[in-house]
Amino acid sequence: MATPINLADPMVQIVFNNSSISFPLLSGFTILLIILVIIFFLTIIFIKKLPEHIYKRLEKKLDKETELLKIIQSQVEPQKVDIYLTMIETCGDLFAVDITDQLNLPPDEKDSHIKDNKATFILLSSFFLFASDGTIAKYIFMRKNDPVTLHSSPSFIQYADFMVSMRQDLHRNTKIDASHFCSILGIKQSEKE
């Protein structure tokens with residue numbers, strides 16, 4: 001027969017087949033303390049895992065936004081290039097006349113030169129827009145021995161700056177500037193500019 005539990009006695013003794021086992025009786029405070037320790041360790045584990053979970057969730061969101069941006073950019077880029085080429089062609093009409101006038105040609109030769117200068121202007125402007133920095137540098141080096149040198153007008157310098165702006169839009173890390181564009185076209189910038 002088992003001994004009844006005495007609440008004043010902190011030890012509990014269980015007797016079974018003439019064997020007895022003794023263990024301490026856990027008080028309510030001790031049970032509460034064990035529960036709090038377990039909750040504390042679970043909280044620590046949760047807090048350690050929380051930043052990793054947040055990071056993974058934000059990384060997935062960032063990946064989705066990056067993909068969306070790439071899709072939008074791939075759709076906008078061809079339209080942007082078409083607009084730039086149209087602007088180059090329009091400016092080619094204007095500057096071909098200016099370039100031809102600097103050559104002091106007879107009136108009967110001006111029309112063919114305007115057409116040729118426009119085609120050259122469009123070709124070299126497009127080259128400037130799409131070629132790499134290294135290719136532009138090599139072309140300028142080759143062009144240095146060109147005997148024809150034209151002088152720029154203020155409106156042409158503004159156009160050169162505009163071309164650099166478009167180039168920077170397409171080539172984010174370019175080191176090319178307006179003077180390179182003028183060199184490609186064989187146009188000498190005056191000392192004032």
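Here are the numbers for this structure:
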quantity	calculated
Positions within segment 104-120 being surrounded by 14 or more Cβ atoms within 10 Å (Cβ to Cβ) and polar (S, T, N, Q), in sequence order	Asn117, Thr120
Filtered residues of segment 58-93 (kept if among the acidic types (Asp, Glu) and more than 22 Å from Tyr159 (Cα to Cα))	Glu59, Asp63, Glu65, Glu67
Complete set of residues in segment 87-115 that are free of Cβ contacts under 8 Å to residues at least 12 places away in the same chain and of a type in the set (D, E, K, R)	Asp101, Asp108, Glu109, Lys110, Asp111
Leading residue by the ranking (nearest to Gln79 (Cα to Cα)) among those in segment 160-191 that are of a type in the set (Asp, Glu) and not in a loop (DSSP other than H, G, I, E, B)	Asp169
Every residue from segment 110-159 that is modelled with pLDDT of 75 or more, over 32 Å from the mean Cα position of the chain (by Cα) and either under 14 Å from Gly186 (Cα atoms) or not polar (S, T, N, Q) (or both)	Lys110, Asp111, His113, Ile114, Lys115, Asp116, Asn117, Lys118, Ala119, Thr120
Residues of segment 98-134 that turn out to be in a helix (DSSP H, G or I) and either polar (S, T, N, Q) or closer than 30 Å to Lys175 by Cα (or both), as a count	22
One residue from Val12, Val76 being part of a helix (DSSP H, G or I) and either closer than 25 Å to Phe127 by Cα or modelled with pLDDT under 80 (or both)	Val76
Selection count, segment 95-128, where residues are among the polar types (S, T, N, Q) and farther than 19 Å from Ala160 by Cα	2
Pairs, first touching a residue at least 24 places away in the same chain (Cβ under 8 Å) in segment 72-86, second surrounded by 10 or more Cβ atoms within 10 Å (Cβ to Cβ) and of a type in the set (Lys, Arg), C-beta under 7 Å, six or more apart	none
Ala137 being closer than 20 Å to Asp161 by Cβ, out of contact with any helix residue (DSSP H, G or I) (no Cβ under 7 Å at 6 or more places or on another chain) and not basic (Lys, Arg)	yes
Given (1) over 20 Å from Leu185 (Cβ atoms); (2) touching a helix residue (DSSP H, G or I) at 6+ places or on another chain (Cβ under 8 Å); (3) modelled with pLDDT under 80, number of the condition Asp98 does not satisfy	(1)
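The values are calculated or read from the model by the stated rules, or taken from the named source; none is laboratory data. In this text, all values refer to a predicted model and were calculated from it rather than measured experimentally. When we count neighbours, we look across all protein chains shown, and the Cβ atoms used for this are built from the backbone with ideal geometry, even at glycine.
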